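Please treat every number below as a calculation from the coordinates, not as lab data. Fair warning: this is a prediction, and the values are worked out from it, not measured in the lab. Neighbour counts run over all protein chains shown; Cβ positions are idealised from the backbone, glycine included.
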Protein chains: 2
Amino acid sequence: MKENLQPDDILPSEAVLVDMFGVSRYTVREALALLEQDKILYKIHGKGTFVNKVPIQVESGLEKLESITDIIESFGYKPGTVWADIKESLPTRDMIQKMKLKPKEKVITFTRIRTADGKIAAYCVDTIKRSNIVGDIPKNIDKESMFEYFEENFGIVPEYAIADIIPVLPTEEMKKHMDIKESQLFLLLHQVHYDKEGHPQIYSMDYFNPDIFKFKVNRLRHY
Amino acid sequence: MKENLQPDDILPSEAVLVDMFGVSRYTVREALALLEQDKILYKIHGKGTFVNKVPIQVESGLEKLESITDIIESFGYKPGTVWADIKESLPTRDMIQKMKLKPKEKVITFTRIRTADGKIAAYCVDTIKRSNIVGDIPKNIDKESMFEYFEENFGIVPEYAIADIIPVLPTEEMKKHMDIKESQLFLLLHQVHYDKEGHPQIYSMDYFNPDIFKFKVNRLRHY
DNA sequence: CAGTGGTCTAGACCACAAG
DNA sequence: TTGTGGTCTAGACCACTGC
């Protein structure tokens, strides 16, 4: 059997794979479906199953929801946090609307300055409902990744997010806590994270330093 | 049977649906999988299948490749063009690399200032290979949509694009042609468009006015 | 424990592509 | 017509949830 598959090589037919691996056709098709989803294979009805070009393996872009820690690591940097703050407050009008809060419902805001190899990478402000936290407000964040922290402590598991992308200059708050130039541009990802059921879970404003992050999006013409 | 399904209502179990419709469980599951893909339903292992909220029907974001004309229209504005220019030139180093050009291969650059309801919306620079054009270089662009123009005149049909998202201040070129403030922020979509076979077709730098465009991305945790 | 969705087998027929 | 992938049936066992 050929080991080094080339682009557009044809795979053995499903019937053959069934014999080769001694599993049912359903199982074969499930496996191929996964590889097809990852754009490693493509199928043509009546012809066969083929190997895709490798460069189609587009590097993942913004359309994939990842923790900032993972993003920093995927750029080859070492993630860090140089400052963090946890505050209880009343929500802004925008939070009330997007998070579907009751007008007087308290929220908790986690603010952190993230670094990549020690350089300022992002200013992250994440807000969740007060009611997500049982008991006292935590004094510090014991995880690098906010996603892990929210999941393990409060059972918040974001499944998808809708992000507004906005070019901005630093806010007063940011200048207070970070040593940056007045004219330093940031890319603000203003997003709401939702759980599997579609309930808003996290309201976040992440300001990314474009000198560190090169954000990509894969854009498709047809769905 | 209940007709008006509410969010988070539970659906009959797969076994029940099998009896109800007299089909196999495979068929039931295929149907549910489609509805789940469209985020109309969600499943929880061991519990059941539930109805999602309607507003989850997320509006399309940057992950969908559309012409700027369509984007302007989808925001409810009337698209227009106040200035256009067509030039032949040698490619930049970045173009050579990303478009896989021969070093001395000529390119054609189309520059346009797009408006939405008359307000400055975007500064668009699209570059294609000289060899895409048979005969003389056109003097003007007879379409509002660049995608339509490229397709009808040169047979260029972009299928997907990879975009870098960069916050920027206006370039000298932009200030020369547009009446804008020095400090006006723009969102640059620096992108390469590819055809179905994965060959680079269009190299474009689109500078969007964030006062007009509210760019969104739908971000998914898992694929 | 019972009931749910997740995975799998074994077999059938249909729809499409190419000689 | 042959061989491919696409759809479907009927049945089984597993993994998770909640009582």
In Å, the C-alpha Rg and Dmax of chain B are 23.4, 71
Between B:Asp195 and B:Ile44, what length in nm is gained on full extension when 0.36 nm per residue of separation is reduced by their alpha carbon distance?
50.5 nm
For region A:124-188: relative contact order, % (alpha-carbon pairs under 8 angstrom, 6 or more apart):
24 percent
Proximal aspartates and glutamates relative to B:Lys102, as straight alpha-carbon distance under 14 Å, when same-chain residues fewer than 8 apart are discounted:
B:Asp94
Over all alpha-carbon pairs in the protein assembly as shown, figure out the percentage whose distance exceeds 40 Å.
31 percent
Spin-label point model (7 Å from Cα, Cβ direction): what's the B:Lys176 to A:Lys102 distance in nm?
6.2 nm
Could you please state, rounded to a whole Å, how far the C-alpha centre of region A:158-223 is from the C-alpha centre of region B:76-151?
30 Å
Work from the charge dipole of region A:69-223 (Cβ charges, +1 for Lys and Arg, -1 for Asp and Glu, about the Cα centre) and give the residue of A:Val168, A:Val107, A:His193 farthest towards its positive end.
A:Val168
If each label sits 7 angstrom from Cα along the C-beta direction, how far apart, in nm, is B:Glu30 from its counterparts in the other copies?
1.6
Within straight-line cross-link reach of B:Lys175, lysines at Cα separation under 16 Å, skipping those fewer than 8 residues along the same chain:
B:Lys119
In degrees, nearest 10, range 0 to 90: what is the angle between the Cα axis of helix B:25-37 and the longest Cα principal axis of chain B?
40 degrees
Note down the nm distance, to one decimal, between modelled labels 7 Å out along Cα→Cβ at A:Ile133 and at B:Arg93.
5.0 nm
How many times 2.2 N^0.38 Å is the alpha carbon radius of gyration of region A:74-131?
1.41
Assuming R0 = 45 Å, what is the FRET efficiency of B:Asn153 and A:Lys119, from their Cβ-Cβ distance, to the nearest 0.05?
0.45
Entries in A:Lys216/B:Lys129; A:Lys98/B:Lys78; A:Lys98/B:Lys216; B:Lys64/B:Lys214 that, when Cα-Cα distance is taken, lie over 22 Å
A:Lys216/B:Lys129; A:Lys98/B:Lys78
